[in-house]
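What follows is a set of notes on a single structure, which appears directly below.
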Amino acid sequence: MDILSYIRRYGWAAAMLACCTLCCSPVSGQEGDVEYVLDTASTAVPLPDIFKPAMDLSGRGFHSDPAWPQSLAHQRVLDVWQKDIGMAGIYRLQYNLWEISEVSGNRALQEKLIANYEAVIKRVNDAGGVVILNIFSTPQGQGKVLDKKSSPVDLKAFKSTVKDFIRYYSCVRRYTVWYEVWTAPDLDDFFLGRQQEYLNLYRAVAEAVRELETEFKVSIPVGGPSSSWWFRSVEGNTNVTPERSLAYELIKFCYHYRLPLDFISWHAYSTDPKCEKEMTSYNKSAVALMRDWLSYFKKERVLLIVDEWNYDNGVNLSAERRDRVFVSAAYIPARLKHMYEAGIDHQVFFSLEDFQYNKEGVERNVGAFWFTPDPVAYNGGAKSTYNVWRQISLLGNSMYVHAPKTTDEFVGVIATKGADRIALLVYNYIDPDIFRNYLSRNIALLNENERRALLAVIKSDRLDKIMRRQLDAGTLPVPNRVRAMLKKAQELNDSAARYSSAARNIKIVLKNLKEDYLAERYTVDSGCNSNCEMVPQELEQTVAPGTSSISMVLNPYSASLLVLTKKPKDQMRPQEIEKALEEAAKRKEAPQEQAKEPEKSPEPAALPAGPAEPAASEAATAK
């Protein structure tokens with residue numbers, strides 16, 4: 001792994017918001033046992049959007065039907081997702097202008113292709129969801145070179161093309177669509193052009209949006225740049241100099257030209273669940289720094305969206321996304337929790353279906369669904385990743401909020417509630433690359449000399465020896481802060497090695513319960529990788545009014561949804577029924593016994609007090 005890859009693996013914050021009302025602390029027992037205490041009567045807020053299922057609908061990269069968008073997942077997969085999860089969240093759709101123009105010679109085919117794009121947009125909108133329409137590629141004949149990734153040679157023609165379909169979708173049909181300008185323009189594989197050419201391209205789209213908003217009196221969100229990392233630019237760049245990023249340049253560009261900008265988006269693939277928490281050289285988190293930029297340029301309402309993310313260890317066909325998919329499945333809730341704590345507004349997971357067997361040779365098993373090509377019928381299925389998204393869809397519509405006293409490095413809880421239930425999503429994710437990720441997400445905090453010293457260690461063969469404790473970091477001739485950072489990375493790596501193969505015991509204590517509950521557990525772990533049933537296991541532990549506790553064993557790389565549903569009255573335990581009948585009988589007998597008692601004569605009214613006789617006369621009478 002090269003230095004840039006180390007630097008890209010990032011995410012650390014000095015302070016964080018907690019996503020549930022819980023107290024986390026070690027309990028007596030085996031090392032690694034954890035206790036979570038949740039006050040069910042405490043404050044809850046509407047479930048943040050970050051915890052709602054959101055998906056990039058891409059997949060495959062090739063279909064036998066030329067009228068079906070080639071980079072869109074199979075229709076069967078769309079149907080399964082909508083049936084099980086719904087489409088009320090944010091769904092990203094790549095709108096391939098090159099592909100549409102490529103069939104312009106066949107008008108009937110082109111109309112059918114565009115109709116299929118619209119059908120997906122309508123499907124999402126009808127379900128209450130929002131479409132991020134990613135405007136990608138240049139129509140044939142409009143690029144500077146004969147390549148769909150080329151920047152347009154005629155921006156007026158490009159603007160006219162874009163304006164036509166935005167007018168139709170947002171002004172005529174009134175769909176809820178957010179328009180995203182390009183994807184990964186900082187990479188040659190996706191954009192052939194300079195940074196200024198991308199900015200000019202964005203300006204063409206933004207001006208088209210502004211003109212349509214004025215003409216039709218509607219709001220049409222637009223944003224970008226959808227770069228490969230938040231700090232990336234067309235010239236490259238690292239997280240040490242974020243002010244050179246394409247995101248910063250776009251914010252500044254929109255301010256100077258008074259262009260609409262509703263969201264800033266970027267990709268973030270990693271194994272690190274904390275990669276949104278990176279600290280920058282400005283001694284603040286990446287998200288806080290971007291908020292400062294937006295505030296300075298008077299764009300405080302701009303949303304921050306991670307528009308592509310997934311578990312990624314740098315391999316296109318990763319075992320952790322197929323044969324050991326339970327690893328990437330457990331990563332999902334851990335990443336969402338840290339995204340929320342970092343202050344991200346929205347996220348979009350990439351992608352719905354794997355990419356393979358396409359004419360461009362792109363093979364990436366990033367999908368929630370796998371498939372094998374079959375010219376006759378659909379041949380594929382769901383990975384356990386999909387079941388985690390089903391777990392997330394079962395969270396309550398409100399979330400408990402409170403800062404935990406301490407935080408376990410690997411185990412976490414997302415605590416929510418609904419009208420008649422409490423839903424806790426408990427995960428146990430251990431970052432396999434925690435040693436390098438810790439270093440890279442903290443490197444920007446070092447000064448130039450310290451960074452140079454750390455990078456020298458990374459370049460050499462000493463880093464792996466330090467990680468394996470074959471070399472004592474304390475003996476290295478490096479600055480103290482670098483030495484301390486390496487020691488901390490060693491400690492984290494030791495913990496990860498210990499818990500990656502050992503189950504954790506967790507005790508969940510629920511306080512201030514008002515009723516009896518039935519407890520069920522949905523589990524995703526190494527027991528199943530593909531086409532797994534979503535069947536709950538009913539827990540035998542009693543969950544009664546007052547304080548109750550539930551003990552569970554969490555396997556490494558697992559996600560468990562604990563659902564507590566209010567127990568129906570007809571399912572009360574026999575002793576509870578008898579007790580209820582006895583109390584009812586007592587209440588019934590009480591008025592009858594009251595009626596049988598003889599009426600008592602009323603006490604005579606007290607007479608007015610007169611003068612008391614002298615005590616002496618009473619004594620004399622007695623004698």
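The values are calculated or read from the model by the stated rules, or taken from the named source; none is laboratory data. All values derive from a computational prediction rather than experimental measurement. Reconstructed Cβ throughout: ideal geometry from the backbone, glycine too, with neighbour counts over all protein chains shown. The accessibility values were calculated without ligands, DNA or RNA, using every heavy atom of the protein model including side chains. Shrake-Rupley method; radii C 1.70, N 1.55, O 1.52, S 1.80 Å.
What helices does the chain hold that run 18 Å or longer along their axis, going by alpha-carbon atoms, with a Kyte-Doolittle average of -0.5 or more, using DSSP H for the helix calls?
Counting only whole DSSP H runs, the qualifying helices are 107-126, 325-342.
So which trypsin sites (Lys or Arg not before Pro) in the range 491-553 end up in coil per DSSP with only 12 or fewer other C-beta atoms within 10 Å?
Qualifying residues, ordered by number: LYS514.
Which part of the range 407-428 falls in the paramagnetic zone of ALA497, meaning amide N under 12 Å from the point 7 Å along Cα-to-beta-carbon?
Answer for the range 407-428: none.
Based on the mean of other beta carbon atoms within 10 Å per residue, what is the order of 201-209, 114-122, most packed first?
Sorting 201-209, 114-122 by mean packing, highest first, produces 201-209, 114-122.
Compute for the range 373-475: radius of gyration divided by Kirkwood radius, i.e. Rg/Rh, restricted to C-alpha atoms, rounded to two decimals.
Ratio value, two decimals: 1.18.
Whenever you get a sec, compute what percent of the accessible area on the chain sits on carbon and sulfur atoms (1.4 Å probe).
Roughly 50 percent of what the probe reaches on the chain is carbon or sulfur.
At most 10 other Cβ atoms within 10 Å and a DSSP loop assignment: could you name the trypsin sites (Lys or Arg not before Pro) in the range 247-292 that fit?
Counting only loop positions with at most 10 other Cβ atoms within 10 Å, the trypsin sites (Lys or Arg not before Pro) in the range 247-292 are ARG258.
For LYS511, list the lysines whose Cα falls under 21 Å from its own Cα; do not include residues on the same chain fewer than 8 positions away.
LYS405, LYS417, LYS566, LYS567
Reachable aspartates and glutamates from LYS156, Cα under 13 Å, same-chain residues fewer than 8 places away excluded?
Partners found: ASP164, GLU207.
Within the range 61-79, what residues put their amide N at less than 20 Å from the label point 7 Å along the Cα-to-Cβ vector of LEU187?
Taking a point 7 Å out along Cα→Cβ of LEU187, the residues of the range 61-79 whose backbone N falls under 20 Å are 61-62, 70-73.
Taking the Cβ-Cβ separation of ASP33 and ARG421 as r and a Förster radius of 30 Å, what is the calculated FRET efficiency to the nearest 0.05?
Efficiency, rounded to the nearest 0.05: 0.65.
Please report the spacing between the Cα centers of the range 147-199 and the range 212-250 in Å, no decimals.
That distance is 13 Å.
Within the range 308-392, which trypsin sites (Lys or Arg not before Pro) sit in a loop by DSSP and count at most 12 neighbouring Cβ atoms inside 10 Å?
When the trypsin sites (Lys or Arg not before Pro) of the range 308-392 are filtered for loop state and at most 12 Cβ neighbours within 10 Å, LYS359 remain.
Please list 3J(HN,Hα) in residue order for the range 431-437, calculated via the Karplus relation 6.51 cos²θ - 1.76 cosθ + 1.60 where θ = phi - 60°; whole Hz, with x for glycine and proline.
In residue order, the calculated couplings are 5, x, 10, 5, 4, 5, 5 Hz.
Suppose we look only past 14 Å in the calculated P(r) of the range 260-326. What percent of the Cα-Cα pairs does that tail hold?
Value for the range 260-326 (Cα pairs over 14 Å): 67 percent.
Which log10 I(q)/I(0) values, to two decimals, does the chain give at q = 0.05, 0.09, 0.10 Å⁻¹ under the Debye formula with one point per Cα?
The computed values of log10 I(q)/I(0) come out as -0.29, -0.78, -0.95.
Averaging over all projection directions, find the projected area of the Cα convex hull of the range 316-405 and quote it in nm² with one decimal place.
Approximately 8.2 nm², given one-decimal rounding.
Any idea how many Lys pairs in the range 290-403 come in under 29 angstrom at the alpha carbon, given 8 or more places apart or on separate chains?
Count of close lysine pairs: 4.
Search the structure for amide H atoms under 5 Å from the amide H of TYR36, placed 1.01 Å from N in the peptide plane, and list their residues when 5 or more places away or on another chain.
LYS507, ILE508, VAL509
Taking only C-alpha pairs under 8 Å that are 6+ residues apart, what is the relative contact order of the range 87-206 in percent?
27
Give me a comma-separated list of calculated 3J(HN,Hα) values for the range 181-189, in order, Karplus coefficients 6.51, -1.76, 1.60 applied at θ = phi - 60°, integers in Hz, x for any Gly or Pro.
Whole-Hz 3J(HN,Hα) from phi for the range 181-189: 8, 6, 9, 6, x, 7, 10, 4, 5.
So if R0 is 22 Å, what FRET efficiency would ASN358 and ARG324 give, r being the distance between their Cβ atoms, rounded to the nearest 0.05?
FRET efficiency, ASN358 to ARG324: 0.35.
Which whole-number percentage describes the relative contact order of the range 146-289, with Cα contacts under 8 Å and a sequence gap of 6 or more?
Averaging sequence separation for qualifying contacts and normalising by length gives 23 percent for the range 146-289.
Long-range amide H contacts for THR280: which residues qualify at under 5 Å (H placed 1.01 Å from N, peptide plane, sequence gap of 5 or more or a different chain)?
The list, which skips near neighbours in sequence, is SER285, ALA286.
Quick one: which residues, 5 or more positions from VAL543 or on another chain, have an amide H under 5 Å from its amide H? H modelled 1.01 Å from N in the peptide plane, none for Pro or chain starts.
TYR517
Quick one: what are the phi-derived ³J(HN,Hα) couplings along the range 39-46, Karplus 6.51/-1.76/1.60 with θ = phi - 60°, whole Hz, x for glycine and proline?
8, 6, 9, 7, 5, 10, 10, x
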